[in-house]
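Contents: one structure, followed by commentary.
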Amino acid sequence: MSSNDPSDPQVRCNRRVAIICAAAFVGMIGAAYASVPLYRAFCQLTGFDGTTRKAEAAPGAVLDKTLTIRFDANVRDLPWTFVTKQTSQTAKIGETKIAFFQVTNNSDKPITGRAVFNVVPEQAGPYFQKLDCFCFSDQTVGPGQTVDMPVLYFVDPKYADDFETKGKSEVTLSYTFFPSTSAPAPARADLHPAKTAGAKG
């Protein structure tokens, strides 16, 4: 018959096992929450899974080889209209280009979102790099406001030497805006209300 006596060795053993199991469970939950930002940081650092990288400076060489860069815009769980201001651009490998996206907040209150990005084909991820991008931080858009959001990018010249990418002439840059999980950020000063001018390419 079992005993509840704290001095019983079996009881002490059972308690230790219970404590270890509880600690392991809490640790696994914490690891699950931490894995998302860690995975995202890893992808952005390495270009893994088609994730574009942040660059410190433009490359020193521009090749006489061109790529067609296509753009894609999506929204999840936000009352926003998010579109590209150009369907595609022709860019030389190593050339710095600027593309514009546009967001309209269709609600009656300010909303903060965060853009997640990737490129297709995923082998282009290590070579598609950005000097500046609205996706580097949260973006707050006022009620009824429309803003243009630029991305300054280039394709690293090493793209032309990699056997997995040198024969690929098209790359698609895709963004999806989600509700921000952090505290609302103030609207960026460089995001002015969009004008009625045509697409910039």
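The values are calculated or read from the model by the stated rules, or taken from the named source; none is laboratory data. Just so it is clear, the structure is predicted and the values come from calculations on it, not from any experiment. Don't worry about glycine lacking a Cβ; one is built from the backbone with ideal geometry, like all the others, and counts go over all protein chains shown. What goes into the accessible areas is simple: the full protein's heavy atoms, side chains included, and nothing from ligands, DNA or RNA. Shrake-Rupley method; radii C 1.70, N 1.55, O 1.52, S 1.80 Å.
Measure up LYS54/LYS168; LYS85/LYS166; LYS54/LYS109 against 24 Å on the Cα-Cα distance and list the ones that go over.
Checking Cα-Cα distances, LYS85/LYS166; LYS54/LYS109 exceed 24 Å.
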Counting only the heavy atoms of the protein chains, how much of ASP161 is accessible to a 1.4 Å probe, in Å² to the nearest 10? 120 Å²
In nanometres, the difference between 0.36 nm per residue of separation and the alpha-carbon distance of LYS65 and ASP162 is 33.5 nm
In Å, the Kirkwood hydrodynamic radius from C-alpha pairs for the stretch 95-168 sits at 14.1 Å
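How would you rank 123-132, 60-69, highest first, on the average number of other Cβ atoms within 10 Å across their residues?
Working: 123-132: 20.4, 60-69: 14.0.
Most protected by this proxy first, the peptides run 123-132, 60-69.
Given charges of +1 on the Cβ of Lys and Arg and -1 on the Cβ of Asp and Glu, with all other atoms neutral, how large is the dipole of the stretch 60-112 about its Cα centre, in debye to the nearest 20? Please list the in-between numbers first.
On the way: 7 positive and 5 negative charges, 20 e Å.
Taking the Cα centre of the stretch 60-112 as origin, the dipole is about 100 debye.
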Would you mind computing, in nm to one decimal, how far apart the modelled labels at GLU56 and VAL116 are, each placed 7 Å from Cα along Cα→Cβ? 2.9 nm
